[in-house]
Amino acid sequence: MRPEDILVPTPAGVCCKLGAFHIDPTRPVERALITHAHSDHARAGHCAVLATQETLDLMRLRYGDNFAGTTQAIRYGESIDLGGTRVTFHPAGHVLGSAQIAVAVNGLCVVASGDYKNVRDPTCAPFELVRCDVFITEATFALPVFRHANADGEIAKLLASLALFPERAHLVGAYSLGKAQRVIALLRKAGYQAPIYLHGAMESITRYYAGRGIALGELRPVRGAAKAELAGTVTVCPPSTLSDVWTRRFPDPLTAFASGWMRIRARARQYGVALPLVISDHADWDGLTATIAATGASEIWVTHGQEDALVHWCATHGLRARPLDIVGYGDEDEGGAEAVSEGGEET
Ligand SMILES: [Zn+2]
Ligand SMILES: [Zn+2]
């Protein structure tokens, strides 16, 4: 048996012919296994969806009740048989409910990791290393220049700015699923106790996280708050709103942006961000290469970003590697192109 007998890369996502399913398909299919609820991985319109309960709930919040024909929830560590394949979900440490999907047949195991990070995040289960023969990895930040800072240190910069400018409203641009809630949880972990304000696009997902027992403290909608009330406060909002007329409701706003791309000064300038915060929900270069090595896989399939550098790194470390040409995965969860259109609603 070859790995391609288990999973075949197609332009619409990887497909398991034996088990009759796709993983994170970019087009509607009969049966989809979904790693996590970011929109480039989790699309509406599949006949049947298998995912963690959190991923199903988040898809329902974003797409409405009829986002799939039927749904089935699976827990981390639970295995099910699909057409003679054994499928197991493991934590990916990326966002709430995110999973790596292991598919095993006759002792050969392929792991599709979706998006992942190997650093602690108070809003989701930690990344679990899964030994396998073939590891499918993302490559969003797969260049040696990407070394993410310690997230607590970045949050300390935000708190220092609040202390320095106690009258200014601090606006933190963060993707609405995952990053926003992580920024809030990190502020709480650092001892920040004041109410945190939410842009309307953040409300339902953030309240869902709070309902799952994640300590986010007191949250208030920006909508309806008086301008004077917002002096010296923190508001979390979609990155696209940072340069919007929406910011005029805040007294002397100071803009921050939490993204792995903030490592690149030109990106911070492009967004006109005063306070770049290098906080990413993806593994950085060291995280990717350390994880690849630790899986013990002899073959690596690379998708989703800077494939070339990672394929080259694998080759120089004696691993077979190939890029997958899957159209439709993006970096919208870090403030890439799609995030710019995310915060359309004027709230
Ligand atoms: Zn993602
Ligand atoms: Zn992604």
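The values are calculated or read from the model by the stated rules, or taken from the named source; none is laboratory data. Keep in mind that this is a model prediction, so the values were computed, not measured. Backbone-built Cβ (ideal geometry, glycine too); neighbour counts: all protein chains shown. Each accessible area value is taken on the protein alone, full model and side chains, heavy atoms only, with ligands, DNA and RNA left out. Shrake-Rupley method; radii C 1.70, N 1.55, O 1.52, S 1.80 Å.
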Solvent-accessible ranking of D281, D81, largest area first, probe 1.4 Å = D81, D281
For the stretch 126-192 versus the stretch 46-117, the gap between their alpha-carbon centres in whole angstrom = 24 Å
Between L162, T88, I184, whose Cα lies farthest towards the positive end of the dipole of the stretch 84-208 when Lys and Arg beta carbons carry +1 and Asp and Glu beta carbons carry -1, centred on the Cα centre?
-> L162
Any residue on another chain or 5+ positions along whose placed amide H is under 5 Å from the amide H of L143 is listed here as W285
The alpha-carbon pair-distance distribution computed for the chain, with 10 angstrom bins and whole-percent values, is 6, 26, 33, 22, 10, 2, 0
Given the Cα-Cα distance of A290 and E229 and 0.36 nm per residue of separation, how much length would full extension add, in nm?
-> 17.3 nm
May I ask you to rank S39, S259 by accessible area, largest first, using a 1.4 Å probe over the protein chains only?
-> S39, S259
Per-residue SASA entry for K189, accessible area with 1.4 Å probe, Å² rounded to 10 | 130 Å²
Residue farthest toward the positive end of the dipole of the chain, with Cβ of Lys/Arg at +1 and Asp/Glu at -1: which of F67, V273, T52?
-> V273
Cα-Cα pairs above 24 Å in the stretch 211-310: how many percent?
-> 46 percent
Taking a probe of 1.4 Å and leaving out DNA, RNA and ligands, the chain shows per residue an accessible area in Å² of 39 Å²
Computed lengthening from D81 to D252, 0.36 nm per intervening residue step minus Cα-Cα distance | 55.8 nm
In square nanometres and to one decimal, what's the mean projected area of the convex hull around the Cα atoms of the stretch 91-178?
-> 7.4 nm²
When N is the residue count of the stretch 8-107, what does its C-alpha Rg come to as a fraction of 2.2 N^0.38 Å?
-> 0.98
Would you calculate the separation in nanometres between label points at R212 and Q72, each defined as 7 Å from the Cα along the Cα-to-beta-carbon direction?
-> 2.1 nm
Using a Förster distance of 22 angstrom, determine the FRET efficiency expected from the C-beta separation of I264 and D308, and round it to 0.05.
-> 0.80
Here the net charge surrounding I300, from other residues whose Cβ is less than 11 Å away from its Cβ (Lys, Arg +1; Asp, Glu -1), is -1
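Quick one: compute the contact order of the chain, relative version, from alpha carbon pairs under 8 angstrom and 6+ residues apart, as a percent.
This gives 18 percent for the chain.
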So for the chain, taking the charge dipole from beta-carbon charges (+1 Lys/Arg, -1 Asp/Glu), which of V14, L219, N106 sits furthest toward the positive end?
-> L219
